[in-house]
Amino acid sequence: MTTHVSHWINGHETASTDGYNDILSPVDGNVHVAVAKGTAQDVDRAAKAATDSAEDWRWMSAAERGRILRRIADALREQAESFLALESADTGKVRNTLMGEIENSAAYFEFYGTLVNLPIGSVLDVSPDQHVYTKREPYGVVGVITPWNLPLNQAARAVAPALAAGNTVVCKPSESTSQTTVALARLASECGLPAGVFNVVCGSGSVVGEEIVRHPSVRKVAFTGSVGVGRTISHLAADKLIPLTLELGGKSANIVFEDADLDFAASEAVRAFVSNAGQVCSSGTRLLVQRSIQKDFVQRVAALVAQRKPGVDYGPMITWKQFDTVKHYLDLAQSRGMRPLVGGTVSSDDELSSGAYVDATLFDNVAPDNPLAQEEIFGPVLVAVPFEDEAEAIRIANDSEFGLVGAVFSRDISRALRVAERIEAGQIGVNTWVTGAVETPFGGQKNSGYGREKGIEALNHYSQLKCIIVKL
Ligand code: NAD
């Protein structure tokens with residue numbers, strides 16, 4: 001029997017009033033779950049619950065709020081296997097990947113549960129007869145809209161700091177991968193989070209997502225997803241004059257100079273684009289290689305890529321639509337006469353033939369303006385682009401609509417830092433690919449978005465500053 005996934009509103013599982021949508025498994029193409037079709041009325045009910053609980057949550061002592069968030073972290077770790085089963089069913093990801101994501105999700109609640117009273121202010125020395133101070137306060141109800149590539153992780157990344165800063169939340173997961181977000185809200189209730197503080201409304205972006213942004217009670221929105229939808233949401237938010245955090249796409253450059261530790265740089269280059277089958281906004285999908293080492297280095301990378309197997313090292317494309325998108329780019333490459341060094345097709349493994357699996361793929365000598373070097377494919381496809389010198393590496397790296405992350409590999413640390421500071425992106429690795437650590441502020445430049453998630457900085461994006469002037 002198909003599992004039905006319902007909303008979580010005001011501390012309760014809440015059935016759909018408009019039916020359920022069948023979701024196809026990316027592993028075998030069969031219906032594996034039916035997800036509630038949310039309506040504007042469901043969003044309204046969730047927003048009302050979030051509004052009604054906002055005052056009590058906001059004025060609960062920071063220590064108590066922190067204890068509840070840390071209990072959620074502990075419970076997530078204790079129940080990792082059941083979260084793994086749900087996420088695995090929705091995404092087909094391999095065990096190691098999922099364990100890492102669940103641990104990371106717990107770490108968000110632990111980190112923000114510890115920093116819960118950190119959005120602090122300062123005392124301003126204005127005049128002897130005035131005591132002036134600033135403090136940060138919550139927005140009230142925050143809308144959180146997440147994609148399908150890291151469902152639990154993206155929900156935790158936004159919900160934990162939003163709650164820590166004293167807000168209440170209405171969250172909409174992707175319609176393809178809703179199970180773990182609803183399970184997270186249920187777990188939070190079991191850990192003592194008051195009813196109404198964290199609500200989940202399942203359903204489509206055009207109905208539930210837009211209604212969350214439009215709803216008069218929602219005072220801030222944190223969106224993670226594509227550039228196109230980010231733009232739509234920006235217009236809706238502009239009409240209401242509410243702030244946004246936009247975490248959008250990427251086409252991140254990984255720059256390797258001739259003096260780098262080439263074996264390590266090669267293994268990092270592979271990690272950067274094969275993890276999660278390339279379905280990570282921060283994937284390093286453009287490998288910029290100094291021409292003097294191009295042949296040798298790209299061959300090292302190719303040898304490692306050839307060892308990575310779908311179904312063993314990484315899962316399928318998480319949605320069938322995404323499978324079609326990746327196939328479109330592989331067909332485009334073929335039509336342009338591009339010959340992959342490795343991969344270039346969907347998986348030829350018979351056991352994976354019913355699933356949305358793609359072989360890890362590497363193209364060499366790709367021109368910087370080729371669509372495969374410019375557009376976000378969101379699959380395990382890497383293009384190597386040669387460069388002559390530092391100036392050209394920077395120019396090619398910045399010749400992109402995106403600016404999410406990047407990396408530089410060189411034993412000349414001055415050069416590495418010079419280049420790192422000139423790449424237009426929110427996070428850069430030096431002699432390493434970037435880390436998923438919850439402490440590291442994360443977010444984009446250019447079309448990759450604005451605002452910051454993660455780190456202490458996120459708390460500033462989930463709170464607003466107030467200045468209080470006291471006559472002495
Ligand atoms: P998407 O933009 O299609 O959908 C993201 C979410 O927005 C989903 O929940 C969807 O239902 C909802 N949505 C769709 N239309 C909407 C609308 N009109 N109004 C409100 N909500 C709407 O993205 P996706 O295909 O789910 O995810 C892939 C994209 O997400 C990639 O571009 C990837 O780079 C990006 N992403 C970015 C980050 C980051 O932190 N920068 C992290 C993960 C994914």
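The values are calculated or read from the model by the stated rules, or taken from the named source; none is laboratory data. All values derive from a computational prediction rather than experimental measurement. As a convention, Cβ positions derive from the backbone with ideal geometry for all residues, glycine included, and neighbour counts pool all protein chains shown. Only protein heavy atoms, including side chains, enter the accessible area calculation; ligands, DNA and RNA are left aside. Shrake-Rupley method; radii C 1.70, N 1.55, O 1.52, S 1.80 Å.
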What is the calculated FRET efficiency for SER61 to LYS471, with r their C-beta to C-beta distance and R₀ = 30 Å, to the nearest 0.05?
0.55
Enter the angle in degrees (range 0 to 90, nearest 10) between the Cα long axis of helix 262-274 and the first principal axis of the Cα atoms of the chain, meaning the one along which they spread out most.
60
So what is the calculated 222 nm ellipticity per residue for the chain, using -39500 (n - 2.57) for each DSSP H run with n of 4 or more, over all residues, to the nearest 500 deg cm²/dmol?
-12500 deg cm²/dmol
Taking the Cα-to-Cβ direction at ASP22 and at GLU457 and moving 7 Å from each Cα, how far apart do the two end points lie in nm?
4.5
Lysines near LYS172 by alpha-carbon distance under 20 Å, same-chain residues fewer than 8 away left out - which ones?
LYS37, LYS48, LYS220, LYS240, LYS321, LYS454
Taking 0.36 nm per residue of sequence separation and subtracting the Cα-Cα distance, how much length would be gained by fully extending the chain between THR435 and ARG395, in nm to one decimal?
12.0 nm
Quote to one decimal, in nm, the extra length available between GLU258 and SER226 on full extension: 0.36 nm per residue of separation minus the C-alpha distance between them.
8.1 nm
Approximate spin-label separation ASP369-ILE120, in nm, with each point projected 7 Å along Cα-to-Cβ:
5.4
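Over the chain, what is the percentage of antiparallel beta bridges among all DSSP beta bridges, to the nearest 5?
On the way: 25 of 66 bridges.
Bridges in the chain that DSSP calls antiparallel: roughly 40 percent.
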Relative contact order of the chain (C-alpha contacts under 8 Å, at least 6 apart) in percent is 18
HN-Hα J couplings of the stretch 355-361 from phi, Karplus 6.51/-1.76/1.60, θ = phi - 60°, integer Hz, Gly and Pro as x?
x, 8, 8, 10, 6, 4, 10
Just to verify a number: what accessible area does VAL116 come out at with the full protein assembly present, 1.4 Å probe, Å² rounded to tens?
10
Could you tell me whether the stretch 33-126 comes out rounded, prolate or oblate from its Cα gyration tensor? Rule is a ≥ b ≥ c as square roots of the eigenvalues, rounded for a/c under 1.5, then prolate if a/b exceeds b/c, otherwise oblate.
oblate
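Solvent-accessible area per residue for the chain at a 1.4 Å probe radius, Å²?
39
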Quick one: which residues, 5 or more positions from VAL132 or on another chain, have an amide H under 5 Å from its amide H? H modelled 1.01 Å from N in the peptide plane, none for Pro or chain starts.
LEU124, VAL126, VAL470
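Could you compute the longest span of the chain free of trypsin sites (Lys or Arg not before Pro) located in DSSP loops and having at most 15 other Cβ atoms within 10 Å, not counting the site residues?
In short, 1-335.
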Which order do peptides 78-84, 163-169 fall in by mean Cβ count within 10 Å, highest first?
163-169, 78-84
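Any chance you could run the full-extension gain for VAL132 through ALA15? It's 0.36 nm times the residue separation minus the Cα-Cα distance, nm to one decimal. Write out the running numbers ahead of the final one.
Numbers: separation 117, 0.36 × 117 = 42.12 nm, distance 4.97 nm.
Extra length from VAL132 to ALA15 when fully extended: 37.1 nm.
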For LEU152, net neighbour charge (Lys/Arg +1, Asp/Glu -1) across residues whose Cβ lies under 9 Å away
-2
Please say if the chain is rounded, prolate or oblate, where rounded means a/c under 1.5 for a ≥ b ≥ c the square roots of the C-alpha gyration tensor eigenvalues, and otherwise the choice is prolate for a/b larger than b/c and oblate otherwise?
oblate
Global size of the stretch 324-428 as Cα Rg and Dmax, reported in angstrom
16.0, 50
Relative to a virtual label point 7 Å from the Cα of ASN30 in the Cα→beta-carbon direction, which members of the stretch 355-369 show backbone nitrogen distances below 14 Å?
355
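Which net charge results for the neighbourhood of LYS251, defined as the other residues with beta-carbon distances under 14 angstrom from its beta-carbon, given Lys and Arg at +1 and Asp and Glu at -1?
Around LYS251, the charge tally is -4.
Compute the FRET efficiency between SER267 and HIS4 as 1/(1 + (r/R0)^6), taking r as their Cβ-Cβ distance and R0 = 60 Å, and round to the nearest 0.05.
0.90
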Projected label distance in nm at ASP44 and SER354, using a 7 Å step from Cα toward the beta-carbon:
4.3
In whole percent, what relative contact order does the stretch 253-437 give with Cα contacts below 8 Å and a gap of six or more residues?
29
Once the dipole of the chain is set up with Lys and Arg at +1 and Asp and Glu at -1 on Cβ about the Cα centre, which of ASN199, GLN464, ALA407 lies farthest towards its positive end?
GLN464
